[in-house]
1. Can you say whether Ser68 is free of Cβ contacts under 8 Å to residues at least 60 places away in the same chain, polar (S, T, N, Q) and touching a Cys at 6+ places or on another chain (Cβ under 8 Å), as far as the supplied structure shows?
2. So in the range 26-55, with the set limited to residues that are β-branched (Val, Ile, Thr) and over 9 Å from the mean Cα position of the chain (by Cα), which one is nearest to Cys112 (Cα to Cα)?
3. Basic (Lys, Arg) and assigned to a helix (DSSP H, G or I) - does that describe any residue in the range 101-116?
4. Only one of Lys74, Lys152 is surrounded by 14 or more Cβ atoms within 10 Å (Cβ to Cβ), among the basic types (Lys, Arg), free of Cβ contacts under 8 Å to residues at least 40 places away in the same chain and assigned to a helix (DSSP H, G or I). Can you tell me which?
5. Looking only at the range 46-85, which residues are small (Gly, Ala, Ser) and farther than 27 Å from Arg29 by Cβ?
6. Within the range 33-46, does at least one residue satisfy the condition of being part of a loop (DSSP other than H, G, I, E, B), open to solvent by 40 Å² or more (accessible area, probe 1.4 Å) and at pLDDT 95 or above?
Amino acid sequence: MTLVLNQTLDRTLDGTLAAKQAKLVDLLRQMRRVIVAYSGGTDSAYLAWAAKQALGDDAIAITADSASIPASHKRDAEAFVRQFGIRHEYVETHEFDNPDYVRNDPNRCFHCKDELFTVLEKLAAERDFTNIVYGVNKDDLGDYRPGQQAAKLHLVKAPLADADLTKTEIRE
């Protein structure tokens, strides 16, 4: 996956898109210190980039280190954060220890996100981070996504959705 983002917010954007990006940055600034649940996918990469723009080193991207994450995805995630100077760490997750996850039913994503968000909550408390955010966007809200229920359970915020950003706009 190749992502190209400008490192400043000064680039010329469509007025609506610029306003949404400004809203996203403002929402993140209000959070003061954030952990970004960073998978390395486009949405969480854009969110990590925006958090870096808004908060500098008061934002950190955290990626699950698990048997469920291929090494190639980790390499791509690392290349992106390195390119944009985003603080990044891995945390161990153990979703395979949960029989509900291993069952591989339609709620598998809930159990994976529940494990990740539980680990991130502990890390946030230890390091005095005030919020955990993840890359759900406006288009995701209409889909069946059990991970969103885990986010609600753990009070994880979705600033991309709150800024009304769609998948197409994020890729733009």
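The values are calculated or read from the model by the stated rules, or taken from the named source; none is laboratory data. Here the structure is a predicted model, which means the values were calculated and not measured. We place every Cβ from the backbone using ideal geometry, glycine too, and count neighbours over all the protein chains shown. With ligands, DNA and RNA removed, areas are computed over all heavy atoms of the protein, side chains included. Shrake-Rupley method; radii C 1.70, N 1.55, O 1.52, S 1.80 Å.
1. yes
2. Taking the range 26-55 first, the residues β-branched (Val, Ile, Thr) are 34-36, 42.
Add one more test, that the residue is over 9 Å from the mean Cα position of the chain (by Cα), and what stays is 34, 42.
On the way: Val34: 20, Thr42: 19 Å.
By that ranking, first place goes to Thr42.
3. yes
4. Working: Lys152 fails: surrounded by 14 or more Cβ atoms within 10 Å (Cβ to Cβ).
Exactly one of Lys74, Lys152 is surrounded by 14 or more Cβ atoms within 10 Å (Cβ to Cβ), among the basic types (Lys, Arg), free of Cβ contacts under 8 Å to residues at least 40 places away in the same chain and assigned to a helix (DSSP H, G or I), namely Lys74.
5. The answer is Ser66, Ala67, Ser68, Ala71, Ser72.
6. Looking through the range 33-46, at least one residue is part of a loop (DSSP other than H, G, I, E, B), open to solvent by 40 Å² or more (accessible area, probe 1.4 Å) and at pLDDT 95 or above.
Residue-wise test of (1) crowded, with 16+ Cβ neighbours inside 10 Å; (2) without any contact (Cβ under 8 Å) to a residue 60 or more places away in the chain; (3) in contact with a Leu (Cβ under 8 Å, 6 or more places away or on another chain).
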residue	(1), (2), (3)
Phe80	yes, no, yes
His88	yes, yes, no
Pro99	no, yes, no
Cys112	yes, yes, no
Glu126	no, yes, no
Asn137	yes, no, yes
Leu160	yes, no, yes
Thr166	yes, yes, no
